[in-house]
Amino acid sequence: MSKYNMRKKITLIGAGQIGGTLAHLIALKKLGDVVLFDVAGGVAKGKALDIAQSSPVEGFNISLIGTDNYEDTKNSDVIIITAGVPRKPGMTRDDLLGINLKIIKEVAEGIKKTSPNAFVICITNPLDVIVMALQKYSGLPKNKIVGMAGILDSSRFIYFLSQELEISTDKIKSFVLGGHGDTMVAMLDSTEVDGKKISQLVDEGKISKAKLDEIVERTKNGGAEIVKYLEKGSAYYAPAASGVEMAESYLKDLKKQLPCAAYLNGEYGVNDLYVGVPIIIGSKGVERVVELKLSKKEKQNFDHSIKAVQELFNSAKKIDPSL
Ligand code: APR
């Protein structure tokens, strides 16, 4: 709990591009007091002060501080982790494994003592493996540690579809599951546009199968496309918005169904692995993993994605046998 009456305390570990955007969005949405933590303490302090100075204009009344001391993050209600290095052009998310694994170990040590009851959202890549390592390193409950990826991938997919079909995004229902990498699975059989199955739109000639496949591919490469444009760093506005949606569902007990990297213990036939699936997020954390009926093709693609995550986790174990 925050030092200010009943306001919630939200700590952001990593005050880089995503961390700063998270702080800004959380302030604008008045979700709680914000502690921005970074090994580069000056960056955290500078961003916190900058956003705080917009409070008279924006009309929010929350506290924002920057720090490089874990004591200041004590008893957080929510922690969102973006500490790590982002991709450079030509790199895959998996290329970040060695360096971000070390960083996440340090973060896990920092948060497990100070905020054992927090709901922890990890954004650092390679997502599925880093969130799994975070849970193992910290020992925090599995239903209180989740990874942000599926909302972002789904949001990209829906946006691209809306542009192609010239229809508003809120008329499209779809989601992307599996690992947050090249093997992610757009759930075409569950994709609906204004109440119609996407396959029906293909049959009606509203969108060609080739165009749909192209959009699926573009979604898979959605992050890389932005990395290429930016040249330095990776996407941050849409990732931050997606992380905030998860935090809000927890803090307000909204019980939203959201695609996130969650710990699977038999669901979808997967054991002891974090991977992207629909979950219900409420005040108890991950309240339920929603098991959808997958078509044969979707199941095949999902299993292929699980295999890729498992293989990357095996590589992580080679780097750090304590995992
Ligand atoms: N503890 C706390 N913060 C750290 C640590 C650490 N051990 N190591 C690095 N950081 C901080 C850096 O100082 C930097 O400010 O993490 C921040 C990362 O910010 P950016 O480099 O701007 O990266 P960002 O775009 O925010 O992405 C962060 O999220 O989506 C993923 O692939 C992305 O893994 C990357 C992460």
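The values are calculated or read from the model by the stated rules, or taken from the named source; none is laboratory data. All figures in this text were calculated on a predicted structure; none of them were measured in a lab. Here the Cβ is made from the backbone with ideal geometry for all residues, glycine too, and neighbour counts use every protein chain on show.
Details
- Positions within region 96-136 being surrounded by fewer than 24 Cβ atoms within 10 Å (Cβ to Cβ) and either assigned to a loop (DSSP other than H, G, I, E, B) or basic (Lys, Arg) (or both), in sequence order: 102, 105, 112, 113, 115, 116, 117, 136
- Region 266-285, subset free of Cβ contacts under 8 Å to residues at least 60 places away in the same chain and assigned to a strand (DSSP E or B), residue nearest to residue 144 (Cα to Cα): 282
- For region 79-138, filtered to residues that are near the ligand (Cβ under 8 Å from one of its atoms) and hydroxyl-bearing (Ser, Thr, Tyr), the residue that is nearest to residue 9 (Cα to Cα) is 82.
- Among the residues making up region 74-99, those that are more than 15 Å from the chain's Cα centre (by Cα), modelled with pLDDT under 95 and not small (Gly, Ala, Ser) are 85, 87, 88, 89, 91, 92, 94, 95, 96, 97, 99.
- Number of residues in region 160-194 that are aliphatic (A, V, I, L, M) and assigned to a strand (DSSP E or B): the value is 6.
- Residue check, residue 274 aromatic (Phe, Trp, Tyr) and surrounded by fewer than 15 Cβ atoms within 10 Å (Cβ to Cβ): no
- Listed by first and then second residue, the pairs linking a residue in region 233-254 that is more than 20 Å from residue 6 (Cα to Cα) and of a type in the set (Asp, Glu) to a residue that is in a helix (DSSP H, G or I) and within 16 Å of the ligand (Cβ to nearest atom), with Cβ atoms under 9 Å apart and 6 or more places separating them unless they lie on different chains, are 245/151.
- Look at region 28-54: where a residue is under 22 Å from residue 111 (Cβ atoms) and a partner is within 16 Å of the ligand (Cβ to nearest atom) and among the acidic types (Asp, Glu), sitting 6+ places away or on another chain with Cβ atoms under 7 Å, you get 35/72; 37/68; 38/68; 39/68; 41/68; 44/38; 44/68.
- Checked against (1) within 22 Å of residue 242 (Cβ to Cβ); (2) more than 10 Å from the ligand (Cβ to nearest atom); (3) free of Cβ contacts under 8 Å to residues at least 60 places away in the same chain, residue 65 meets all criteria but (1).
- Residue match in region 157-177 (condition: within 15 Å of the chain's Cα centre (by Cα), within 14 Å of the ligand (Cβ to nearest atom) and in contact (Cβ under 8 Å) with a residue 40 or more places away in the chain): no
- Breaking point among (1) within 16 Å of the ligand (Cβ to nearest atom); (2) buried (at least 19 other Cβ atoms within 10 Å of the Cβ); (3) free of Cβ contacts under 8 Å to residues at least 60 places away in the same chain, for residue 226: (2)
- Out of 215, 226, 207, one residue alone is modelled with pLDDT of 95 or more, assigned to a loop (DSSP other than H, G, I, E, B) and β-branched (Val, Ile, Thr). It is 207.
- Selection count where residues are in a helix (DSSP H, G or I) and either touching a strand residue (DSSP E or B) at 6+ places or on another chain (Cβ under 8 Å) or among the acidic types (Asp, Glu) (or both), scope region 286-303: 4
- The listed residue being basic (Lys, Arg) and within 29 Å of residue 227 (Cβ to Cβ), out of 142, 102, 206, 171: 102
- Those helices (runs of 4 or more DSSP H) of region 1-95 in which at least 3 residues are out of contact with any Pro (no Cβ under 9 Å at 6 or more places or on another chain) and buried (at least 18 other Cβ atoms within 10 Å of the Cβ), considering only elements entirely within it, cover 17-28, 41-52.
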